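Take a look at the structure set out below.
The values are calculated or read from the model by the stated rules, or taken from the named source; none is laboratory data. Quick caveat, the model's predicted, so the values are computed rather than measured. Quick reminder, even Gly has a Cβ in these numbers, built from the backbone with ideal geometry, and neighbours come from all protein chains shown. With ligands, DNA and RNA removed, areas are computed over all heavy atoms of the protein, side chains included. Shrake-Rupley method; radii C 1.70, N 1.55, O 1.52, S 1.80 Å.
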Amino acid sequence: MSIADLCSFCANINFDALRNPLLSDLPAIRDGTVDTSRHPFKGKTEDAHASTQLGKLSDIAQRAESCRLCALMIKSLARHNGRRPHPDDVCRAETSFYGVYRAPSGHLYWTGRTLTIGIRTPQGSWAHAFQACNVGALSMGVDVKNRFQHKKPIDSMIFGGRRRPLSLDLNWVRQWIKICKTDHGNECETADVDGGSKTTTIRFVDVVSRCVVTLDDISLADHEYMALSYVWGGPQEVSIVRANKQALSKPGSLPTGHLPQTLEDAMHLARSLGFRHLWIDALCIVQDDLADKQVQIGQMSRIYGFSSLTVIAATAKTADGGLPGIREGTRSLEQDEIVIHPEPTPGKETTAPAALSLMTTLYPLFNQNDHYLEHTPWNDRGWTMQERVMSRRVLVFMPEQVHWICREATFCEESYFENETLRFHRFHAAAMEPTLRRKFRNFFEPEDEELRLWTTYNNLVSRYTRRQFTYPGDVFDGFLCILEGMTALAGQEFLWGMPRSHFEQSILWTSFRGSTRRTELSTLPMTSLQVRITFPSWSWMGWIGEASILIGDDRLDEEIGETPEVVCFEHCHNPSRLQPISPAASRFKSLLTSAPLPSWKQSHSHSVTMSALETNTPQLYTRLPAVPEGLLLFFWTSMASFTLVPTVIPPAFSDGQDQVTAEVMDAEGQKVGTVGTTSLDDEVAHRQGVHKFIVVGSRRNPFSDPVLLVLQVVWRDGIAYRMNSGEILEAAWERASLAWTLVVLG
């Protein structure tokens with residue numbers, strides 16, 4: 001620790017804006033009498049975000065010889081794994097806020113104040129490089145039993161930096177568990193799934209006897225166990241199969257040193273925290289037994305939902321990566337502290353600012369809006385997201401520190417978040433924890449609970465569809481837990497990932513980054529026919545690439561004015577019948593039937609009958625008994641042809657991938673609409689020329705010309721398949737050659 005000798009550039013930084021509340025501020029925070037003219041209680045829009053120019057990166061490197069803060073900037077940047085800035089990149093410093101806390105009065109205050117070093121590059125800022133702390137915090141011990149306050153009797157800075165031990169102190173984890181169980185009540189005890197039913201058969205790794213145990217007919221809600229979420233990274237050296245199932249049930253069959261390091265570390269952690277049973281997919285699902293896979297995957301929502309603690313191995317690319325901090329030598333970064341304003345001399349009056357130090361953070365981000373898991377191997381894999389979403393408590397192992405997250409609190413090793421009065425919450429939408437329910441409502445979230453539900457749904461679908469699968473046919477099973485959780489919490493039902501209550505809205509999902517058709521069959525047999533199926537083109541599950549689904553009754557309001565123009569039916573077996581997908585009492589159906597009939601529309605009566613199907617599509621009608629139910633949609637709508645003129649978006653402007661967007665032209669060559677972004681590989685969707693479009697919805701509001709929300713389709717053997725979504729001016733549609741059509745969408 002040293003008192004800063006700052007250069008003229010660093011001396012201009014608004015260090016005062018980095019201050020967090022002190023323990024001595026708590027009475028005023030509780031009473032609502034804080035002094036809002038000073039930091040940390042000033043508003044975000046005042047002087048906190050003022051930038052300080054630091055010059056070029058090469059200038060900072062030169063000043064590092066005499067300026068301690070410049071030297072720490074260069075040191076922190078050198079260890080960063082992201083893009084290396086160029087010496088001529090211009091830098092700036094500003095205070096960033098990445099969290100809020102709610103006072104007992106209900107008032108929200110900005111916190112998570114860190115010093116961001118902004119670098120003028122397309123990749124954005126180098127965020128959260130330094131955090132404020134008490135002077136001398138790096139040399140102080142932490143009193144775990146006294147809510148993690150410094151052992152030295154000082155006025156501790158809440159949310160401030162502290163020394164992180166090189167090896168994980170498991171007493172910290174035990175205390176986090178204790179805080180959660182004693183302070184948070186039912187909020188962190190209640191799972192997002194129904195706990196009434198018992199599991200038929202489930203296996204655990206017994207970490208004491210070091211074997212796999214099989215339990216029958218147990219209630220997971222009443223069973224204490226830990227679960228592991230990790231990346232396989234290829235075929236597993238040790239897994240349970242039919243041939244070794246009996247052998248692995250014998251005590252000692254999983255000897256020390258014979259397991260991948262992540263599994264070995266997780267077993268050690270579970271045993272140290274007092275858990276005898278640990279759920280690991282490779283050892284608890286018989287990998288070559290299709291029937292067992294179906295059973296175990298079907299109960300994964302309860303496995304992770306009732307796990308007492310889920311451990312996430314976030315940065316290991318394979319199962320051999322281990323849990324950093326569990327073993328000596330697996331973490332190496334040392335924090336640095338620099339004194340900005342020293343402690344005053346005892347007994348001497350001073351007008352100097354209150355004491356303040358800065359401490360380097362362990363994991364600076366290049367984008368302060370990102371979640372710290374954003375660029376980890378774990379975050380790239382499809383299966384792992386639902387494991388996190390359904391878990392009540394998670395312990396996340398990053399390369400240099402461990403994070404604790406439950407529904408009520410967020411803790412980490414490098415910062416003091418354990419105060420019982422003030423609870424920290426991330427506020428950037430992309431940085432918020434992926435959970436189905438959360439008592440804390442952020443600034444940008446709607447107050448209405450149902451609208452919050454659909455915002456959460458859209459965020460989860462968007463995140464999930466950015467992830468990768470070794471077997472692309474796993475896409476349904478990898479999201480099944482989340483769908484089951486939404487059913488349990490909100491009574492929603494889904495068809496291939498699409499909510500029945502807002503189904504006609506949801507089929508207008510789009511992709512801003514481009515997508516390609518998923519051609520692989522489902523990995524497991526599905527539907528009542530128990531066959532492997534091709535995922536429907538109308539569902540986001542039928543495509544590879546990020547999807548966005550904007551749904552909710554608010555979109556029907558006058559300000560947006562989006563109304564579905566179709567009513568979708570599905571085919572069911574035993575007996576063979578057609579039935580509406582969405583509930584009869586949905587709001588859009590009443591709006592639809594009461595609206596004036598547009599000239600392009602033949603009727604508001606949207607009923608689809610078996611006799612109409614037999615008349616209009618006789619060949620398909622005879623094949624229906626062999627078609628898995630729920631894969632085809634049936635609805636009446638208007639169809640027309642328009643010309644597409646595509647434009648290729650270079651990789652430099654499209655997240656590094658070739659993408660295509662297209663304009664919709666009428667017969668006179670006038671632009672009348674647009675379609676969504678597609679992948680350059682999808683040559684059919686963006687081929688220049690004439691394409692078929694069908695109306696699914698409309699948008700009529702006081703702020704723009706009326707447009708029809710359409711699907712671009714291609715027809716094969718009497719079935720239409722979605723290629724893209726788009727918008728076409730209603731006036732242009734009325735001028736086109738139209739056909740009123742019974743659409744079968746596959």
Which one of the conditions (1) surrounded by fewer than 20 Cβ atoms within 10 Å (Cβ to Cβ); (2) among the aromatic types (Phe, Trp, Tyr); (3) part of a helix (DSSP H, G or I) does Phe440 fail to meet, given that it meets all the rest? (3)
Could you look through the range 6-42, keep only residues that are among the aliphatic types (A, V, I, L, M) and in contact with a helix residue (DSSP H, G or I) (Cβ under 7 Å, 6 or more places away or on another chain), and pick out the one that is modelled with the lowest pLDDT? Val34
From the residues in the range 83-126 that are modelled with pLDDT under 70 and farther than 16 Å from His371 by Cα, which one is least open to solvent (accessible area, probe 1.4 Å)? Ile119
Might you let me know whether the range 504-519 holds any residue that is out of contact with any strand residue (DSSP E or B) (no Cβ under 8 Å at 6 or more places or on another chain) and either under 26 Å from Val743 (Cα atoms) or in contact (Cβ under 8 Å) with a residue 40 or more places away in the chain (or both)? no
Could you check Leu248 against (1) assigned to a loop (DSSP other than H, G, I, E, B); (2) farther than 25 Å from Val389 by Cβ and say which number it fails? (1)
For Ser537, which of the numbered conditions (1) open to solvent by less than 10 Å² (accessible area, probe 1.4 Å); (2) more than 30 Å from Pro702 (Cα to Cα); (3) in a helix (DSSP H, G or I) fails to hold? (3)
Can you tell me which residue within the range 546-577, out of those that are in contact with a strand residue (DSSP E or B) (Cβ under 7 Å, 6 or more places away or on another chain) and in a helix (DSSP H, G or I), is nearest to Asn458 (Cα to Cα)? Arg555
Might you check whether a residue that is part of a loop (DSSP other than H, G, I, E, B), in contact (Cβ under 8 Å) with a residue 40 or more places away in the chain and crowded, with 19+ Cβ neighbours inside 10 Å occurs anywhere in the range 177-190? no
Only residues in the range 325-349 that are within 25 Å of Ser272 (Cα to Cα) count as the first member; pair them with residues that are among the β-branched types (Val, Ile, Thr), Cβ under 7 angstrom, at least 6 apart or cross-chain, and list the lot. Gly325/Val402
Starting from the range 615-644, keep only residues that are among the aromatic types (Phe, Trp, Tyr), then list their pairs with residues that are modelled with pLDDT under 90 and outside any helix (DSSP H, G or I) whose Cβ atoms are within a distance under 9 Å, requiring at least 6 positions of separation or different chains. Phe635/His606; Trp636/Gln602; Trp636/Ser603; Trp636/Ser605; Trp636/His606; Trp636/Ser607
One residue from Leu254, Leu228 being open to solvent by less than 40 Å² (accessible area, probe 1.4 Å), more than 25 Å from Met385 (Cα to Cα) and touching a residue at least 12 places away in the same chain (Cβ under 8 Å): Leu254
Restrict the check to the range 72-82 and report whether at least one residue is closer than 22 Å to Ala355 by Cβ, outside any helix (DSSP H, G or I), at pLDDT 75 or above and open to solvent by less than 10 Å² (accessible area, probe 1.4 Å). no
In the range 480-518, which residues are open to solvent by 20 Å² or more (accessible area, probe 1.4 Å), assigned to a strand (DSSP E or B) and not hydroxyl-bearing (Ser, Thr, Tyr)? Phe494, Arg517
How many residues does the range 372-395 contain that are of a type outside the set (Val, Ile, Thr), open to solvent by less than 10 Å² (accessible area, probe 1.4 Å), farther than 18 Å from Gly321 by Cβ and touching a Leu at 6+ places or on another chain (Cβ under 9 Å)? 5
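Residues are listed down the side, and each one gets a yes or a no for (1) modelled with pLDDT of 95 or more; (2) within 25 Å of Arg392 (Cα to Cα); (3) assigned to a loop (DSSP other than H, G, I, E, B); (4) open to solvent by 20 Å² or more (accessible area, probe 1.4 Å):
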residue: Ala270; (1), (2), (3), (4): yes, yes, no, no
residue: Thr315; (1), (2), (3), (4): no, yes, yes, yes
residue: Ala319; (1), (2), (3), (4): yes, yes, yes, no
residue: Gly322; (1), (2), (3), (4): yes, yes, yes, no
residue: Pro344; (1), (2), (3), (4): no, no, yes, yes
residue: Asn367; (1), (2), (3), (4): no, no, yes, yes
Filter result (modelled with pLDDT of 90 or more, part of a strand (DSSP E or B) and either buried (at least 21 other Cβ atoms within 10 Å of the Cβ) or hydrophobic (A, V, I, L, M, F, W, C) (or both)) within the range 665-705: Met665, Val672, Gly673, Val675, Val690, His691, Phe693, Ile694, Val695, Val696, Gly697, Ser698
